[in-house]
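Bear in mind these aren't lab numbers, they're just calculated from the coordinates by the rules spelled out. Small disclaimer: the values here were computed from a predicted structure and weren't measured. When we count neighbours, we look across all protein chains shown, and the Cβ atoms used for this are built from the backbone with ideal geometry, even at glycine.
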Amino acid sequence: MYLEKMLQSQGFGSRKHCQQLIKSGAVCIDQDIMQNPKQKLNLENLVFEVYGKHYQYRENVYIALNKPAGYECSHQATHHFSVFDLFDDVLLNRGLQCVGRLDQDTTGLLLLTDDGQFLQALTHPKKHVGKVYRMQTIDPISAEQIEQLEQGVELRNEQGTFAATDVQQLATCELQMTIHQGVYHQVKRMLAAVGNKVEQLHRVQIGALECPELKEGEWIYLTPEQIALARTRETI
């Protein structure tokens, strides 16, 4: 791949802008200043610099974010911050998208990618990838409510019933459960359907991928092993 094309694929702007970056001496590989936009590159394990900042070539990006409260999963947030405010323009130029959504007040594991097939594999209803949520409830959780959640509840304006699996009561007002769908406000509506209310909601796992040890607002690139875990339908 030509140097200019590589930079464009990594989110550094239009082809013309990438040519200008190269000709200005802003791009280095192995400490050598690159000045030929048509320089052919071996992309395997390629590391390069732009204005002194190091980058690794990535055909696609797969990101795990520990989403903070008060952020919307939208490029054009209306009432709160956008999760995309947490990323620089280079990543955003790649067409970064959320893999599913979390409500603005929900925290925890959120995946983002520019790989449409990966996004589809995790969000299509037929894939049934499990998602694990931990929540604080307003009222104490009863055995009857847990049984109702496991058997399935009806949600207004939705077809069929919605059941949780691996329901665990962690404390009087703390619950963890797995869902395999992803309809609007599903967890909150399921708890409301059994006569309770979610006070705080945190996603801890997608597929077999647990939320990495990250502070709220921090993110990492996923390894190939972590990507495979996220694709796993069943939680572990």
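Out of region 27-68, which chymotrypsin sites (Phe, Trp or Tyr not before Pro) are coil in DSSP terms and have no more than 16 other C-beta atoms within 10 Å? Kindly include the intermediate steps, with their values, before the conclusion.
On the way: sites: F48, Y51, Y55, Y57, Y62; in loops: Y51, Y57.
Answer in residue order: Y51.
Mind listing the phi-derived Karplus ³J(HN,Hα) values for region 21-34, rounded to whole Hz, using 6.51, -1.76 and 1.60 with θ = phi - 60°, and x for any glycine or proline?
Computed from phi, the couplings for region 21-34 are 4, 5, 5, 7, x, 7, 10, 10, 10, 6, 6, 9, 6, 9 Hz.
Place a +1 charge on the Cβ of each Lys and Arg in the chain and a -1 charge on the Cβ of each Asp and Glu, then give the dipole magnitude about the Cα centre in debye, rounded to the nearest 20. Before the final figure, lay out each step's value.
Details: 23 positive and 29 negative charges, 190 e Å.
Dipole size: approximately 920 debye.
By counting other Cβ atoms within 10 Å of each Cβ, how are T78, T106 ranked from fewest to most? Mind dumping the intermediate values first?
Numbers: T78 8, T106 22.
Exposure proxy ranking, most exposed first: T78, T106.
Can you tell me the order of 205-213, 117-125 when each peptide is scored by its average per-residue count of other Cβ atoms within 10 angstrom, highest first? List each step's numbers first, then the result.
Numbers: 205-213: 18.8, 117-125: 14.2.
Ranked from most to least packed, the peptides come out as 205-213, 117-125.
Counting only residues 5 or more places away or on other chains, whose amide H sits under 5 Å from the amide H of D115 once H atoms are built in the peptide plane?
Distant-sequence amide H within range of D115: V61.
Can you give me the C-alpha center-to-center distance between region 184-232 and region 72-122, rounded to a whole angstrom?
Taking the Cα centre of region 72-122 as reference, the centre of region 184-232 is 14 Å away.
Could you list the GluC sites (Glu not before Pro) in region 16-68 that lie in coil according to DSSP, counting only those with at most 12 other Cβ atoms within 10 Å of their Cβ?
Values: sites: E44, E49, E59; in loops: E44, E59.
The qualifying sites are E44, E59.
Given that just one value was derived from the coordinates, which of [x] 20.5; [y] 19.8; [z] 17.1 is Kirkwood radius over Cα pairs in Å?
[y]
Of K131/K215; K126/K215; K67/K127, which sit over 22 Å apart, Cα to Cα?
Details: K131/K215 20 Å; K126/K215 32 Å; K67/K127 24 Å.
Too far apart for the 22 Å limit: K126/K215; K67/K127.
Work out from phi, with θ = phi - 60° and the Karplus expression 6.51 cos²θ - 1.76 cosθ + 1.60, the ³J(HN,Hα) of each residue of region 110-127, listed in order in whole Hz, and give x for Gly and Pro.
10, 9, 9, 7, 10, 9, x, 5, 5, 4, 5, 5, 9, 10, 5, x, 6, 7
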